[in-house]
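Structure record follows, encoded as structure tokens.
The values are calculated or read from the model by the stated rules, or taken from the named source; none is laboratory data. This one's a predicted model, so the numbers in the text were calculated from it and none came from an experiment. Neighbour counts run over all protein chains shown; Cβ positions are idealised from the backbone, glycine included. All accessible areas refer to the heavy atoms of the entire protein, side chains included, with ligands and DNA or RNA removed. Shrake-Rupley method; radii C 1.70, N 1.55, O 1.52, S 1.80 Å.
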Number of protein chains: 2
Amino acid sequence: MPGDPPVFDESFRAALRDLVAWRRDVRRFTAAPVPRELIASLVELASLSPSVGFSQPWRFVLVESQHCRDAVRQSFERANAEALAAYDGERRALYARLKLEGLDVAPVQLAVFADEGAETGRELGMRSMPEALHYSVVGAIQTLWLAARAHGLGLGWVSIIEPEIVARALSVPADWRLIAYLCIGWPQEEHTDPELERHGWEERLAADKLISVR
Amino acid sequence: MPGDPPVFDESFRAALRDLVAWRRDVRRFTAAPVPRELIASLVELASLSPSVGFSQPWRFVLVESQHCRDAVRQSFERANAEALAAYDGERRALYARLKLEGLDVAPVQLAVFADEGAETGRELGMRSMPEALHYSVVGAIQTLWLAARAHGLGLGWVSIIEPEIVARALSVPADWRLIAYLCIGWPQEEHTDPELERHGWEERLAADKLISVR
């Protein structure tokens, strides 16, 4: 992609701020299908994300078979029951009321792995911070998330899940590590506030308290 | 931020694709200063990124003192010498020729941590995937990276560094874990191809090879 660098103006930046502000972790999807080409185009864009040593360690697995989806669903049920049991009193009751995933309805389910066995990148930057390999995959997921939202698509990241069990259920190579399990589809509703804030689980921190100077 | 959800059109999506395609890991900066308010606005936007359990674990430290910058620079020198020593032959010569950071000239240096001691999020999603706390910080960094580029600002992620030593040098709380050390400034040049690709370190993988179906 040669050519002159694009100039981004204030109207683009304002729309980008809106995009970030209206991105949500979506758990309530309609049943409407999502074109396979749209998902492919999102993966292609996500693959332009930064990676340590230009390792490009992201591997995307579309989970379509009912057998695989059932295994993931069961993993969620186990992990969620264990999590619920660790809370007490009001917090436990609140946790039980939360909707934490959209596994039953999301038309697209995308497991994203880091290929720890790949030689791409030749370990550059990975001796001092080996975790940067995983971080590279996370950056690609955030790119995909924003690009999906720009198409009106919702995405939810399910982390209440057993990563090794899900990796085995999906029959991926042994050196692929599960970074994220994503539900994707058309959202039933739109919000600027996170569901966990709206339902009283946690409050937003003031951004100016999160920065300091040395 | 209430109101109707914004509608993102094809011209916005095309500009977003350009933004992702022209985002680079920048190591060559001009000496021109970057307004502090611009950095604050980027941090504010990044803080709208997703986080596991709405934990918002990101902590941003602007590294301004020469004393701290020198300590980081020395940590890079050590980690880089160790990395160089692990390569042989042509690969070693190539590594030695690469420019891997812009620590000497970047007007802004931003260390980004995950606060592992924070109770926000109340462990939701973190029992099954505790690493999701770190991943949340990485997502915020990717948001910041794209937003910076939309202002014409370049960002470089230095991972050839000793995370614990840098954390100590910056006197952050003991339960803050270094996720990234970022150099930020106005880039000297613009490219669509990564520097590591341009200089023959690694080639780009075909995106359609990175997706499979189960």
Next on the checklist: Spelling out what I want: for every residue of region B:207-213, take phi, set θ = phi - 60°, compute 6.51 cos²θ - 1.76 cosθ + 1.60 (Karplus), and round to whole Hz; glycine and proline get x.
Outcome noted: 4, 6, 7, 9, 10, 9, 10
Item to check | Members of region A:18-39 that become less accessible by 20 Å² or more once partner protein chains are added (1.4 angstrom probe, chain alone as reference) | outcome: A:Asp18, A:Leu19, A:Val20, A:Ala21, A:Trp22, A:Arg23
Checklist outcome for this item: Checked against the positive end of the charge dipole of region B:1-106 (+1 on Cβ of Lys and Arg, -1 on Cβ of Asp and Glu, about the Cα centre), the farthest of B:Gly89, B:Ser11, B:Leu38 is B:Gly89
Checklist outcome for this item: Carbon/sulfur accessible area of region B:26-163, % of total, 1.4 Å probe, equals 50
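Using a 1.4 angstrom probe, figure out how much accessible area the protein assembly as shown has per residue, in square angstrom, rounded to the nearest whole.
41
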Item to check | Selection from A:Trp176, A:Val158, A:Leu98 lying farthest towards where the dipole of chain A points positive, charges on Cβ | outcome: A:Leu98
Next on the checklist: Quick check for me: using +1 on Lys/Arg Cβ and -1 on Asp/Glu Cβ, what's the dipole size of the protein assembly as shown about its Cα centre, in debye to the nearest 20?
Outcome noted: 120
Checklist outcome for this item: Taking every residue of B:4-14, the Cβ atoms of other protein chains inside 10 Å of its Cβ average out to 5
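Could you sort B:35-47, A:79-91, A:155-167 so that the peptide with the highest average Cβ count within 10 Å comes first and the rest follow in order?
Details: B:35-47: 17.6, A:79-91: 13.3, A:155-167: 22.6.
By packing density, highest mean first, the sequence is A:155-167, B:35-47, A:79-91.
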Next on the checklist: Taking every DSSP beta bridge with both residues inside the protein assembly as shown, roughly what % is antiparallel (nearest 5)?
Outcome noted: 85
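I'd like the interface area for chains A and B: accessible area of each alone minus the complex, both sides summed, 1.4 Å probe, protein heavy atoms only. What is it in Å² to the nearest 100?
On the way: alone 13120 and 13140 Å², together 17710 Å².
Using a 1.4 Å probe on protein heavy atoms, the buried area is about 8500 Å².
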Item to check | Cβ-defined net charge surrounding B:Gln74, 15 Å radius [Lys, Arg +1; Asp, Glu -1] | outcome: -3
Item to check | Dipole moment magnitude, nearest 20 debye, region A:14-79 about Cα centre, only Lys, Arg, Asp, Glu C-beta charged | outcome: 240
Item to check | Placed amide H near A:Asp25: partners under 5 Å, 5+ positions off or other chain | outcome: A:Glu195
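Antiparallel as a % of all DSSP beta bridges within chain A, to the nearest 5?
Numbers: 19 of 20 bridges.
Roughly 95 percent of the DSSP beta bridges within chain A come out antiparallel.
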Next on the checklist: So if I place +1 on the C-beta of Lys and Arg and -1 on the C-beta of Asp and Glu, and nothing else carries charge, what would the dipole magnitude of chain B be about its Cα centre? I want it in debye, nearest 20.
Outcome noted: 180
Item to check | Threshold 50 Å², region A:105-149 residues less accessible with all protein chains present than alone (1.4 Å probe) | outcome: A:Arg122, A:Leu124, A:Arg127, A:Ser128, A:Met129, A:Tyr135, A:Val138, A:Gln142
Checklist entry - Can you list the HN-Hα couplings for region A:73-83, worked out from phi with the Karplus curve (6.51, -1.76, 1.60; θ = phi - 60°), rounded to whole Hz and with x for Gly and Pro? => result 4, 5, 5, 4, 4, 5, 5, 6, 4, 5, 5
